[in-house]
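Only one structure is covered here, and it is reproduced in the block below.
Rule-based calculations on the coordinates, nothing more; no lab input. Because the structure is predicted, anything quoted here is derived from the model rather than measured. Cβ coordinates were reconstructed from backbone atoms using ideal geometry, including for glycine residues, and neighbour counts include every protein chain displayed.
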Amino acid sequence: MEKMDQIKQLDRELEQPADFTSPEVLYQDLIDSIHRYHPSDDISMVEKAYRLAYDAHKGQKRKSGEPYIIHPLCVAIILADLELDKETIVAGILHDVVEDTVMTTAGVAEQFGNEVALLVDGVTKLTNINWDKDKVEMQAENLRKMFLAMAKDIRVILVKLADRLHNMRTLQYMKPEKQKEKAKETMEIYAPIADRLGISRIKTELDDLALKYLEPDVYYDLAEKISLRKDSREAFVKSIVDEVKSHMDDAGIECKVDGRVKHFFSIYKKMVKQNKTLDQIYDLFAVRIIVDTVKDCYGALGVIHEMYKPIPGRFKDYIAMPKINNYQSLHTTLIGSSGRPFEIQIRTYEMHRVAEYGIAAHWKYKQSGSTKAAMDSAEEKLSWLRQILEWQKDMSDNKEFLDSLKSDLDLFSDSVFCFTPSGDVKNLPSGSTPIDFAYSIHSAVGNKMVGAKANGVLVNIDYVIKNGDRIEILTSQNSKGPSRDWLKIVKSTQAKNKINQWFKAELKEDNIIRGRDMIDKYCRNKGINYAELNKPEFMEKVMKRYSYKDWDSVLASIGHGGLKEGQVINKMMEAHMKKMEKEKTDATILDSIGDGNKVPVAVSHGKPKSGIVVKGIDDLAVRFSKCCSPVPGDEIVGFVTRGRGISIHRTDCINVINLPEDEKARLIEAEWQQPVGDEAGKERYTTEIKIFANNRIGMFVDLSKVFTERQIDIKSMNVRTTKQGKATILMTFDIRGIEELNKLADKLRQIEGVIDIERTAG
């Protein structure tokens with residue numbers, strides 16, 4: 001009986017409170033939901049989070065007009081319905097406080113611990129993007145950050161999925177174009193991620209909601225037609241359920257049997273795939289049998305196949321060979337006594353739990369300290385995430401990354417199982433070929449492949465692998481490597497990426513020639529004199545900017561598509577323009593210093609900057625000193641150099657403080673000129689900081705993540721370590737101003753092992 005109650009608990013729909021429910025009622029619902037699966041746990045941490053979020057979001061409204069606190073509470077309720085640990089639920093309540101209120105990540109860490117702060121920070125960072133980019137670029141950057149955050153703690157995506165689910169439930173309050181945009185993103189990205197994580201409870205609802213806004217006519221037509229025949233269908237399902245239950249009892253197999261209508265989206269998908277109308281699809285419903293043991297699963301299957309005629313080719317054993325998301329069940333399609341086909345799914349209670357909760361099942365609400373083991377066991381089942389993280393490193397182009405991600409997530413919704421000659425199982429996207437199989441083993445096998453066998457028989461390399469095939473790859477050391485035509489044949493993103501990597505490495509000479517031609521053609525089309533730009537000093541700027549060791553590597557990268565020729569030429573032109581700027585002589589500058597008004601002067605490096613206002617001087621070269629690297633917000637002073645215009649220093653620069661008396665006459669008043677219009681907030685200034693830390697494995701990874709999340713480009717890094725394990729890290733990077741620098745420093749100080757941070761001052 002207890003087990004049956006547990007199954008009923010599992011089959012509860014994710015709670016969806018009515019719109020405009022008061023926060024107090026929602027909070028009580030949340031507490032009730034937690035107590036359902038963990039009656040004795042201390043909820044003081046949840047109470048504290050609610051009070052903080054309530055105060056932080058006070059006065060904020062959603063598009064519907066509801067108080068904003070409704071949203072984080074509903075997100076927390078979804079997480080509680082998935083039976084997640086209290087840290088995740090608290091993160092759900094607080095997931096918007098850093099982004100939308102004055103609360104900081106450090107403040108969250110102080111009150112709720114680093115674990116909660118990491119989850120909140122992870123979700124916050126997903127939307128912290130550069131708005132200057134187009135929507136596709138923004139989406140891609142957003143997703144890159146998300147996968148990085150997921151790699152650190154997979155619970156980040158659980159909070160994000162709950163957030164997206166509640167936003168989809170309340171999408172009717174958004175503008176129609178926004179509805180379609182969000183629904184499309186949900187169907188292409190978030191529903192497939194929920195599927196990969198095995199959380200069918202979220203996946204099915206996201207799919208149905210996305211369909212409702214993307215294809216409203218289809219959705220409401222389905223809803224109407226399915227409800228019309230509801231009574232006759234329910235009677236048919238009940239007769240099968242009763243019949244199956246009776247036979248199971250006779251066979252001595254203890255089980256729970258129920259029937260359900262399939263979700264709208266899965267019916268719609270079947271209609272599109274099979275090119276059929278609703279009237280032509282008969283298996284609109286599935287009967288589910290839940291038993292105690294794996295042995296009972298196969299025992300129940302025997303009873304079922306004795307009762308009804310199975311349809312050949314429609315039996316799937318996901319117990320022996322689980323899906324990529326760890327889903328396990330026996331699926332069989334049968335013909336009922338009335339001649340109508342229907343599907344039966346057979347699984348154990350534990351399989352049912354994993355099918356409903358997926359990866360979330362690892363974080364069943366436990367006492368603190370239990371989540372580490374859960375995370376370690378879950379790590380093994382996330383190989384697909386590691387794959388995405390691997391191949392995204394090689395994709396500088398955001399649009400390419402987005403397309404690859406969509407196809408990768410989509411392809412694995414249907415998988416094919418095949419075997420190596422030694423009997424190992426390989427799970428590949430449906431439609432895969434022996435080439436996909438070869439690269440799934442190792443890139444060296446794929447690169448040396450000359451043929452393949454399926455079940456001992458030679459097959460073409462474009463042979464479509466079927467379930468249960470035994471594939472053998474034939475290799476040769478004389479192979480000249482993959483063909484570009486293979487890219488049109490392969491299905492998996494992994495194989496495509498490995499083939500492209502081979503072409504990058506092996507065909508460097510061809511790519512160099514192609515890159516050179518592309519640059520020449522670009523310059524001719526734009527009317528640019530390439531001879532003026534084709535000089536070592538300008539090449540050096542490009543190589544430094546994109547981290548290439550020589551010019552041939554730059555040309556090769558252009559040749560295979562890693563860099564755009566426009567990017568390279570624009571950088572060279574920028575360096576050329578900088579050189580051509582007019583220089584003032586020392587004497588001219590000194591003569592021009594008077595008691596007149598301060599006049600804005602141009603800054604002599606690259607793009608237009610905020611500018612510097614210098615007393616009494618007009619039209620001269622101004623540069624920022626490298627010894628103290630001033631940024632907007634710093635107190636500054638100008639120094640008249642010999643032959644190089646005016647250099648700008650911070651007033652606390654050691655070189656300024658220690659100037660000889662006779663040189664102090666060269667100092668001149670200076671201040672920052674505030675940017676106006678479109679230029680505000682766009683300029684970046686090079687600065688340098690020194691980090692003192694206890695050296696440990698992973699320190700540099702943690703440091704670079706902070707910079708990556710803030711989209712700050714690290715120019716250089718220099719590290720010295722002592723025998724005592726103390727590290728001094730010198731980092732140079734571009735920043736917008738002192739405010740951003742202070743926030744960055746605060747974040748860096750939170751990293752484990754960081755002792756102190758200071759700016760270089762000469």
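Observations
- Using the Cβ of S329 as centre and a radius below 10 Å, the other residues enclosed give a net charge of +3, where K and R count +1 and D and E count -1.
- Residues V25 and M580, FRET efficiency given R0 of 60 Å [Cβ-Cβ distance, rounded to 0.05]: 0.30
- Most simply put, segment 229-359 has about 75% antiparallel DSSP beta bridges, counting only bridges with both residues inside it.
- Chain lengthening between V425 and K480 when straightened (0.36 nm per residue, less Cα-Cα): 16.9 nm
- Counting neighbouring Cβ atoms within 10 Å and putting the fewest first, the residues S266, S440 line up as S266, S440.
- Taking packing as the residue-averaged number of other Cβ atoms within 10 angstrom, the listed peptides 26-38, 747-759, 92-104 run from highest to lowest as 92-104, 26-38, 747-759.
- Among 514-526, 200-212, 286-298, sorting by the average number of other beta carbon atoms lying within 10 angstrom of each residue, highest first, gives 200-212, 286-298, 514-526.
- Computed on the Cα atoms alone, the convex hull of segment 685-759 gives a volume of 77 cubic angstrom per residue.
- Within the shell of other residues whose beta carbon sits under 15 angstrom from the beta carbon of V450, the net charge comes to 0, with Lys and Arg scored +1 and Asp and Glu -1.
- Cβ-Cβ FRET estimate between K726 and M271, R0 fixed at 45 Å, reported to 0.05: 0.10
- Once the Cα-Cα distance is subtracted from the 0.36 nm per residue extended length, the E635 to K521 segment shows a gain of 36.3 nm.
- Long-range HN-HN contacts of L474 with modeled amide H, under 5 Å: V450, G451, A452, K453
- Pairs beyond 22 Å (Cα-Cα), from K160/K705; K245/K295; K496/K544; K448/K491; K152/K269; K152/K212: K496/K544; K152/K269; K152/K212
- Out-of-range pairs (alpha-carbon distance over 30 Å; input K270/K498; K498/K549; K453/K564; K521/K579): K270/K498; K453/K564
- Note on V261 and H442: their simple-model spin labels are 5.4 nm apart, each label 7 Å out from Cα toward Cβ.
- Here D652 and I528 are evaluated by their C-beta separation; at R0 = 45 Å the FRET efficiency comes out at 0.55.
- Model label sites at I697 and L487, defined 7 Å from Cα along the beta-carbon direction, differ in position by 3.8 nm.
- For the peptides 728-741, 705-718, the ranking by packing is 728-741, 705-718, with the highest mean count of neighbouring Cβ atoms within 10 Å listed first.
- E537 paired with H305, simple spin-label distance in nm, labels 7 Å along Cα-to-beta-carbon: 8.1 nm
- Full-extension gain in nm, S64 to D756, via 0.36 nm per residue minus C-alpha separation: 244.5 nm
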